[in-house]
1. Using beta carbons and a limit of 8 Å, which pairs, at least six apart or on different chains, have the first residue in the range 32-61 and open to solvent by less than 40 Å² (accessible area, probe 1.4 Å) and the second one part of a loop (DSSP other than H, G, I, E, B) and hydroxyl-bearing (S, T, Y)?
2. So, in the range 66-89, of the ones that are assigned to a loop (DSSP other than H, G, I, E, B) and touching a residue at least 24 places away in the same chain (Cβ under 8 Å), which residue ends up most open to solvent (accessible area, probe 1.4 Å)?
3. Which ones in the range 237-273 are on the phi < 0 side of the Ramachandran plot and without any contact (Cβ under 8 Å) to a residue 12 or more places away in the chain?
4. Take the range 438-459 and flag every residue that is under 14 Å from A427 (Cβ atoms) and part of a strand (DSSP E or B).
5. Residue pairs, Cβ under 9 Å, 6 or more apart or interchain, first in the range 458-469 and under 20 Å from R432 (Cβ atoms) and touching a residue at least 40 places away in the same chain (Cβ under 8 Å), second polar (S, T, N, Q) and surrounded by 18 or more Cβ atoms within 10 Å (Cβ to Cβ). List them.
6. Is at least one residue of the range 202-217 buried (at least 21 other Cβ atoms within 10 Å of the Cβ) and in a helix (DSSP H, G or I)?
7. Is it the case, given these coordinates, that A462 is open to solvent by less than 40 Å² (accessible area, probe 1.4 Å), at pLDDT 95 or above and under 22 Å from E354 (Cα atoms)?
8. Output the qualifying pairs, or none if there are none: Cβ atoms under 7 angstrom, residues six or more apart or on different chains, first residue in the range 1-13 and assigned to a loop (DSSP other than H, G, I, E, B), second residue open to solvent by less than 30 Å² (accessible area, probe 1.4 Å).
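The values are calculated or read from the model by the stated rules, or taken from the named source; none is laboratory data. Since the model is a prediction, treat every value here as computed from it, not as a measurement. All Cβ positions, glycine included, derive from the backbone under ideal geometry; neighbour counts span all protein chains shown. Areas reflect the complete protein model, heavy atoms only, side chains present, ligands, DNA and RNA absent. Shrake-Rupley method; radii C 1.70, N 1.55, O 1.52, S 1.80 Å.
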Amino acid sequence: MGRTGRAVLEALSTLGARVSVYDERQESLEDLPAAVASACAGSPGRLAQALTEQRPRLLVVSPGVPATGPVLAAAAACGIETWSEVELAWRLQRASARPDVPWVAVTGTDGKTTTVGMLAAILTAAGLNAPAVGNIGAPVVTTVLEGGADVLAVELSSFQLHTTRTLSPLAAACLNLAPDHLDWHGGYEDYRADKARVYARTRRGAVYNCADEATCLMVREADVMEGCRAVGFTLEAPALGQVGVVDDLLVDRAWHPGRHTEGLEVATLADLAHLAPGGQAARLPAHVLADALAASALALAVGVPGRAVSAGLRAFAPGAHRLVTVAQGGGVTWVDDSKATNPHSASAALSALEPGTGVWIVGGDTKGAQFHDLVRQVAVRLRAAVVIGADQTEVLDALARQAPQVPVRRVPHGGPREVVDGAVAAAAALARPGDTVMLAPACASWDQFSSYAQRGDLFAAAARDHVRRGTTDQERD
């Protein structure tokens, strides 16, 4: 009964359904509408028992309910049909007065939110009402019932895809794949299978990452609609059927009529300069460019003109907690990338640093991930590491084995503010002029924080306080 659950409840109640609600937390069941038929709070086992006893016709499940947990196991054992909120929204869209409003779906281990934001900006620049929804923005079901959209840019997590059954997007992309949420899914192959569901029944364009073999294989294996094109995005010059980079140009060889003999410029690196450190296009992180190419390929599948790609990318503003410089002082730059909740994302962020200049704040809920490969990849970038998290064992072991030359400081377990203040103090003591202190935890936040946003907000505030104190001390001297 979080934001998505309440949106589902409102939608189903409005449509006249008899709705029962289930949640682990009693407080989540307060202030429910009178139309609710029944409410049950308790452990996952208790909720599973209630489902078994009540046998609802349909279960609309929150993305937070694990695939391997007792609730979904009980639903399957009882033959209860189970949908995600996304599935419900898709069916309501098909039954609405505008059943043909296209959906463009994006998933991947990293980069989903940035890509969907860029996609929505491009579609908007083309004059379309194109809200970003799903795992970003408003619940999809709310947007569908409100109506008015010309196209939906839909971010989908593996959790949402697990119980999405009939979605048929106009275009879809899996940006990349790396181990993540393995505890939720039960293993890497199950995680991969749920990500691959994004391509099922795609009608016009199945967009994949040429540098990520897992996404290439997904597209080759996908059961798409007749006429759907496979479109790759690459940081290299594009071949036929791809969108890529030539010199400082983003070039389409997948959609425009002359693609068999030439590419068509749709944007330039200068259109993305505001997303690079210091506003310098030459320093644009590779993963940001890849996200822009994926968004361009998806938007072109909708049929927007190339000029809209350029205008949309220029207009795009990144979300909070994604490689945001939050403070600078004493020659040290403080960067919040709290959204880096897995090793793959943290590697992309840290790889943009100059060798030996990074003070890395890392740790949290590992979600079953391994860190040895990550530390091996980024060790050359590091001056030092500051480890947070309720259980620091995996991260500390990886640092000791893969980067023994890197100084490490541990922050004891505590409350959110106490942990962040300790991390900032430790990082400040280790940093030197020219360094970057980067919060790129490679872990989820749930062990010590309410969300990655809270973690990032506290870090930004503590970093600014540290810089202000330093400035005040210099003025006194």
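1. V61/T163
2. Restricting to residues being assigned to a loop (DSSP other than H, G, I, E, B) and touching a residue at least 24 places away in the same chain (Cβ under 8 Å), the top hit is T68.
3. Correct list: P257, G258, T261, E262, A273.
4. Within the range 438-459, M438, L439 meet the criteria.
5. Final answer for the pair search is F459/S338.
6. Checking the range 202-217: at least one residue is buried (at least 21 other Cβ atoms within 10 Å of the Cβ) and in a helix (DSSP H, G or I).
7. No, not satisfied.
8. M1/V21; M1/D23; M1/S28; M1/L29
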